[in-house]
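All remarks here apply to the structure that follows.
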Amino acid sequence: MSQDVESIYNQYLSNLKQAMPNVDPNLAHRIMYLERRIADEMVSEPHVNAIIEYKSGVELDKKINGLREKYSLEVEHADKQNALHIMSNMKINKIREISLDRDIIQISGKADPAMSE
């Protein structure tokens, strides 16, 4: 029976990876889990800290401005080359929309319950 549960979980992660190929499936899972867990609380969106890795040669300053304007994110250069650090309360739909940028190689990070304001 344990093997069945493992295969179900592995298939679930595989499905997440297919739906959002450049998003770490563990991050996607954590965001969706928190969305459901905190749905009845004052804050409805998990707090996400993520690193967006871009293809070489991408103008990161343009990406910073675009992410700030379109998604109202806190954005800064990450320690890694060709990468940005984003922070905000957000749901999986926002991560999915951001991930559609063809210049993105990978989005990874962590999500935690947001603090109520």
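Remarks
- Inter-probe distance in nm under a simple model that places probes 7 Å from Cα toward Cβ, at N82 and R96: 2.7
- Once both labels are positioned 7 Å from their Cα atoms along Cα-to-Cβ, the gap between D61 and R36 label points is 4.5 nm.
- For the chain, calculated [θ]222 nm from helices alone, where every DSSP H run of n ≥ 4 adds -39500 (n - 2.57): -13500 deg cm²/dmol
- Label sites at S72 and I8, each approximated as a point 7 angstrom past Cα along Cα to Cβ, lie 3.8 nm apart.
- Between the residues I92, Y33, G57, the greatest Cα displacement towards the positive end of the dipole of segment 3-112, with unit charges on the Cβ of Lys, Arg, Asp and Glu, is found for G57.
- Values (1) 2, 9, 15, 15, 12, 10, 12, 11, 8, 4, 1; (2) 2, 11, 21, 22, 18, 13, 8, 4, 2, 0, 0; (3) 2, 12, 23, 25, 21, 11, 4, 1, 0 are given for comparison; P(r) over Cα pairs in 5 Å bins from 0, in percent, derived from the coordinates here, is the one labelled (2).
Throughout, read-outs are computed from the coordinates displayed, never taken from laboratory work. Not measured: the values here are computed from a predicted model. Using ideal geometry, Cβ is built from the backbone for each residue, glycine included, and neighbour counts are taken over all protein chains shown.
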